[in-house]
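K.L.:
One structure, as C-alpha cells, below. Some questions next.
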Amino acid sequence: MENNYPGKILTDAGEFLIEYVDAAKRTSSVRIRDGKVVLRLSRYARGRDRDEIVAKFLKWAVKKLKGAQGAIFKFPNYEDGARLCVHNKVYELSIVREDRKNVGFAFREGVLLEVKLPLVGDFSSKIRGLVEKCMMEDQLGYLEEVLEELNSLYFRNDYQCAGFRRYKSRFGSCTRDGRISIAYRLLFAPREVFRYVCIHELAHLIEFNHSQDFWKIVEGACPDYKIQNKWLRDKGFMLG
C-alpha cells in the first residue's frame, strides 16, 4: 500500500479490498470489480493532487457499496468446497492437487465441478476460467428456455442463436443478424433481472436502437423494467 492509503473498505455488504495501480495515462479512474475496488492512478498525479484523487475515489466507492447493500445474490467463490448458486441449480466445486503436469477438469452428476491441479503452481485464474466455461455450457439450455418462453409470449420473432459471454462492461447484446449474447455473471443476479436483460435483447430484434419506440416494446413485455434497470445501475457492478 502506498502513502498509507486504506487497504480495504468495510460495509454491511462485506469487506472489499482496495488495489492501487500506477497508470501511464494522464487521467485516473476507479472501478469496483470481482469484489475489489481498483484505483488506477495516473503517474502524473503526485503529492496533494494524488491524495485528493484517492480521497474522492474512495468516497465514491463507499457510497456505491452502501447503495448495493441488500442485494439478493452472492458473489461467486471459486475456491475448493464453494457452492455456486444460480437460478436453477447449485454447483459444488472440488479442487484437488495431485501428481500431474496439466490442469484436469471433470463435470460429474450434473452438479459437481471437479478441478485437478498439479502439486505446485498458482492456477487461480485457470480455475475460474474452467469453471465459468463449464457452467456457461451447462446453463445454455436454461438460457434458450427463457428466451424461447419470452419470445413466444411477447415477440414471436426469429433469432439466429444465443449464448453466454464473459462481458465485463455490458450485460447483453444482439446483432443485426439475430445473435443474442447474455453476460454469464447475470446467472448470479436475481431471476427477474436476468429475464429483463433477455427481454431487452429480444426487443432489439424489432428496434435496433434505444429510441422511445424501443422502450415501449420493452415495457410491454416487462412493465417494471425501470426497476430492473436501476438494479443493474446500482448493484450490477457487484456481479464482477
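The values are calculated or read from the model by the stated rules, or taken from the named source; none is laboratory data. This one's a predicted model, so the numbers in the text were calculated from it and none came from an experiment. Neighbour counts are summed over all protein chains in view; Cβ atoms, including those assigned to glycine, are modelled from backbone coordinates with ideal geometry.
K.L.:
So which residues in the stretch 218-240 are surrounded by 14 or more Cβ atoms within 10 Å (Cβ to Cβ), free of Cβ contacts under 8 Å to residues at least 40 places away in the same chain and part of a loop (DSSP other than H, G, I, E, B)? Spell out the reasoning first.
P.N.:
Pass one, the stretch 218-240, residues surrounded by 14 or more Cβ atoms within 10 Å (Cβ to Cβ): 218-219, 221-222, 225, 228-229, 231-232, 235-240.
Next, only the ones that are free of Cβ contacts under 8 Å to residues at least 40 places away in the same chain stay: 218-219, 222, 225, 228-229.
Result: CYS222, single match.
K.L.:
Mind checking which residues of the stretch 81-122 are over 30 Å from GLU192 (Cβ atoms) and of a type in the set (S, T, N, Q)?
P.N.:
Matches in the stretch 81-122: SER94, ASN102.
K.L.:
Tell me which strands (runs of 3 or more DSSP E) are completely within the stretch 110-217 and hold 1 or more residues being under 30 Å from ASP99 (Cα atoms) and not assigned by TED's automatic domain parsing to the domain that holds LYS230, or say none if there are none. Please lay out each step first, then the result.
P.N.:
Numbers: elements: 112-117, 161-165, 172-174, 179-183.
Per the criteria, 112-117.
K.L.:
Kindly check whether there is at least one residue in the stretch 167-181 that is at pLDDT 95 or above, closer than 18 Å to ARG33 by Cα and either among the aliphatic types (A, V, I, L, M) or surrounded by 16 or more Cβ atoms within 10 Å (Cβ to Cβ) (or both).
P.N.:
Taking every residue of the stretch 167-181 in turn, at least one turns out to be at pLDDT 95 or above, closer than 18 Å to ARG33 by Cα and either among the aliphatic types (A, V, I, L, M) or surrounded by 16 or more Cβ atoms within 10 Å (Cβ to Cβ) (or both).
K.L.:
Quick check: anything in the stretch 57-68 under 30 Å from GLN139 (Cα atoms), hydrophobic (A, V, I, L, M, F, W, C) and free of Cβ contacts under 8 Å to residues at least 12 places away in the same chain?
P.N.:
Within the stretch 57-68, none of the residues are under 30 Å from GLN139 (Cα atoms), hydrophobic (A, V, I, L, M, F, W, C) and free of Cβ contacts under 8 Å to residues at least 12 places away in the same chain.
K.L.:
Mind listing whichever residues of the stretch 152-166 are surrounded by fewer than 20 Cβ atoms within 10 Å (Cβ to Cβ) and farther than 20 Å from ARG31 by Cβ? Walk me through it before giving the result.
P.N.:
Start the filter on the stretch 152-166 by keeping residues that are surrounded by fewer than 20 Cβ atoms within 10 Å (Cβ to Cβ), which leaves 152-161, 163, 165-166.
Matches in the stretch 152-166: SER152, LEU153, TYR154, PHE155, ARG156, ASN157, ASP158, TYR159, GLN160, CYS161, GLY163.
K.L.:
Further question: How do the pairs read when you match residues in the stretch 83-103 that are closer than 18 Å to TYR184 by Cα and without any contact (Cβ under 8 Å) to a residue 12 or more places away in the chain with residues anywhere that are exposed (fewer than 14 other Cβ atoms within 10 Å of the Cβ) and of a type outside the set (Phe, Trp, Tyr), using Cβ under 7 Å and keeping only pairs 6 or more apart or on different chains?
P.N.:
That search, which allows pairs on different chains as well, returns ARG83/VAL90.
K.L.:
Keeping to the stretch 7-38, report how many residues are touching a strand residue (DSSP E or B) at 6+ places or on another chain (Cβ under 9 Å) and not in a strand (DSSP E or B).
P.N.:
Restricting attention to the stretch 7-38, the residues satisfying the condition of being touching a strand residue (DSSP E or B) at 6+ places or on another chain (Cβ under 9 Å) are 7-10, 15-32, 35-38.
Of the ones still in play, those that are also not in a strand (DSSP E or B) are 7, 24-28, 35.
Count: 7.
K.L.:
Further question: Identify, from the list PHE57, PHE107, the residue that is farther than 30 Å from VAL37 by Cα and either touching a Cys at 6+ places or on another chain (Cβ under 9 Å) or in a helix (DSSP H, G or I) (or both).
P.N.:
Working: PHE57 fails: farther than 30 Å from VAL37 by Cα.
Criteria check complete, one pass: PHE107.
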